[in-house]
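Participant: Here you go, one structure.
The values are calculated or read from the model by the stated rules, or taken from the named source; none is laboratory data. Note that the structure is predicted; figures quoted are calculated from it, not measured. Don't worry about glycine lacking a Cβ; one is built from the backbone with ideal geometry, like all the others, and counts go over all protein chains shown.
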Amino acid sequence: MDGFPVKVSEAVCLGASLALSGICYYLYKKSRTTLNKLEDAPHFTIDGKLKDILKVTPGACLQYAVIEGAVQPVGEPLTSSFQKELFGVLQKFMLREHRLVWNSLSRTWTDSERVLHQRVNAVPFVLVGSNDTAVRVLCPLQASGVYMETTHEKFHQVNYGFSDIIGQYLSGEKLKGQLETEEMLKVGTTLTGVGELILETDGTLNLRPPTNGSEYFLSITDFDTLLGEQESTAGWWKGLAIASAVAGAVVLVWLGRRYYNQLRAHWEREKERREFERLRAENPRARAPVAGHEALQDEEEEHLENACVICLTQPRNCILLDCGHVCCCYSCYQALPQRRCPICRQSISRVVPLYHV
């Protein structure tokens, strides 16, 4: 049997599905590990007892803990650039350009976004509990989660002239405008922090990114909402991993089915060939012995007249049924791409040997 070919499209689909399922499964396991750590993390109230707990903890350190408190700056807070009555400890300003780009494949205009300017300002801050006990938050910009809210958003639309419109259609790009946004972590916001909680030698409490590789979280939502978001993320990655694995399995089943069909066709050809050889062996060709030069010429003429219409070298030695045409040798019959008669294109149901007597 000839080698089993795998099409490029099938190989690409199979490889892409396997790679995507592997990536999604890895991200699911990572999200699930983070979720398990969050569920097992102890919750602490920011009060005077927190220091006592850390004093009796080995190394005065809790590798993963959940705390919640009000944001207060250490020193002067930041002032919003657009609303002077707003104060915060983190400030992020972004200026993004929005364009429409012509897609020649889909024949539509698609939105494109580019960051023109970004600035982040930060001042030290603490989380304050019920009795003025404070926990200083270190490296807040390394944290995951939503810990800033939008305080300003304005879109500056561009006005076009006639020449601008002509230029846009020629270049395939339309400038829509610029989006100006400001986000802040405001003073007094209740913030949930999940990280490594340590007691320094000077008696200060710090929350920092975990040194054991666990994910660092800061969120303006409560802990249950944060936990639900992580569960949703893990669920999405799990669903994508399963969908990718199913797609890969479908491609494998398709390849297996095609291989089985090819193998079954090979078995049928072999069975038919053995039957053909058996019939030929049971009815050996009989030809009256003729000698002389004239007999040799007659034999050559008969060979040319009886030559296979496909290879033109071998004699016709089989009858194609049900049409009954005698037009080819058995080797050429087996090489036909489809089981159809080369003369009348009728389907071939059976082949029997042709005997010359």
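Participant: Here are some conditions: (1) farther than 27 Å from LYS92 by Cα; (2) in a strand (DSSP E or B). MET184 meets all but one. Which one does it not meet?
Facilitator: (1)
Participant: Moving to a separate point now. Applying the selection to region 190-224, what residues are more than 30 Å from SER80 (Cβ to Cβ), surrounded by fewer than 17 Cβ atoms within 10 Å (Cβ to Cβ) and of a type in the set (Ser, Thr, Tyr)?
Facilitator: Answer for region 190-224, where residues must be more than 30 Å from SER80 (Cβ to Cβ), surrounded by fewer than 17 Cβ atoms within 10 Å (Cβ to Cβ) and of a type in the set (Ser, Thr, Tyr): THR201, THR211.
Participant: Sort out which residues of region 38-81 are closer than 19 Å to VAL137 by Cβ and of a type in the set (Ser, Thr, Tyr), and write them in order of number.
Facilitator: Scanning region 38-81 gives THR45, TYR64.
Participant: Can you find a residue in region 178-189 that is farther than 30 Å from SER104 by Cα, modelled with pLDDT under 90 and surrounded by 12 or more Cβ atoms within 10 Å (Cβ to Cβ)?
Facilitator: Looking through region 178-189, none of the residues is farther than 30 Å from SER104 by Cα, modelled with pLDDT under 90 and surrounded by 12 or more Cβ atoms within 10 Å (Cβ to Cβ).
Participant: Tell me which residues, restricted to region 327-338, are within 18 Å of ARG273 (Cβ to Cβ), without any contact (Cβ under 8 Å) to a residue 60 or more places away in the chain and either surrounded by 15 or more Cβ atoms within 10 Å (Cβ to Cβ) or small (Gly, Ala, Ser) (or both).
Facilitator: Within region 327-338, CYS328, CYS329, TYR330, SER331, CYS332, TYR333, ALA335 qualify.
Participant: If you don't mind, another one. Given the conditions (1) more than 31 Å from the chain's Cα centre (by Cα); (2) farther than 19 Å from TYR64 by Cα; (3) surrounded by 15 or more Cβ atoms within 10 Å (Cβ to Cβ), and given that GLU268 satisfies all but one, which numbered condition is not satisfied?
Facilitator: Answer for GLU268: the failing condition is (3).
Participant: Does LYS51 count as touching a residue at least 40 places away in the same chain (Cβ under 8 Å), surrounded by fewer than 17 Cβ atoms within 10 Å (Cβ to Cβ), among the basic types (Lys, Arg) and assigned to a helix (DSSP H, G or I)?
Facilitator: yes
Participant: Quick one: is ASN131 in contact (Cβ under 8 Å) with a residue 12 or more places away in the chain, within 24 Å of SER219 (Cβ to Cβ) and loosely packed, with under 11 Cβ neighbours inside 10 Å?
Facilitator: Spelling it out, ASN131 is indeed in contact (Cβ under 8 Å) with a residue 12 or more places away in the chain, within 24 Å of SER219 (Cβ to Cβ) and loosely packed, with under 11 Cβ neighbours inside 10 Å.
Participant: Which condition breaks for ILE67 when tested against (1) in the same structural domain as THR190 (by TED's automatic domain parsing); (2) more than 17 Å from LEU207 (Cβ to Cβ)?
Facilitator: (2)
Participant: On to the next question. Of all residues being over 14 Å from THR33 (Cα atoms) and without any contact (Cβ under 8 Å) to a residue 60 or more places away in the chain in region 230-241, which is surrounded by the fewest Cβ atoms within 10 Å (Cβ to Cβ)? Just the residue, please.
Facilitator: So the residue we want is GLY239.
Participant: Which one of the conditions (1) more than 30 Å from VAL250 (Cα to Cα); (2) without any contact (Cβ under 8 Å) to a residue 24 or more places away in the chain; (3) within 36 Å of the chain's Cα centre (by Cα); (4) surrounded by 14 or more Cβ atoms within 10 Å (Cβ to Cβ) does THR33 fail to meet, given that it meets all the rest?
Facilitator: For THR33, the exception is condition (1).
Participant: Between residues in region 341-353 that are in contact (Cβ under 8 Å) with a residue 40 or more places away in the chain and residues that are among the basic types (Lys, Arg) and outside any strand (DSSP E or B), which pairs lie under 9 Å by C-beta distance while being six or more apart or on different chains?
Facilitator: Matching pairs, first to second residue: PRO353/ARG280; PRO353/ARG285.
Participant: In region 198-227, which residues are out of contact with any strand residue (DSSP E or B) (no Cβ under 8 Å at 6 or more places or on another chain), within 20 Å of ASN36 (Cα to Cα) and either charged (D, E, K, R) or modelled with pLDDT of 90 or more (or both)?
Facilitator: ASP224, LEU227, listed by residue number.
Participant: Mind listing whichever residues of region 139-166 are within 22 Å of GLU200 (Cα to Cα) and surrounded by 16 or more Cβ atoms within 10 Å (Cβ to Cβ)?
Facilitator: Answer for region 139-166, where residues must be within 22 Å of GLU200 (Cα to Cα) and surrounded by 16 or more Cβ atoms within 10 Å (Cβ to Cβ): PRO140, ALA143.
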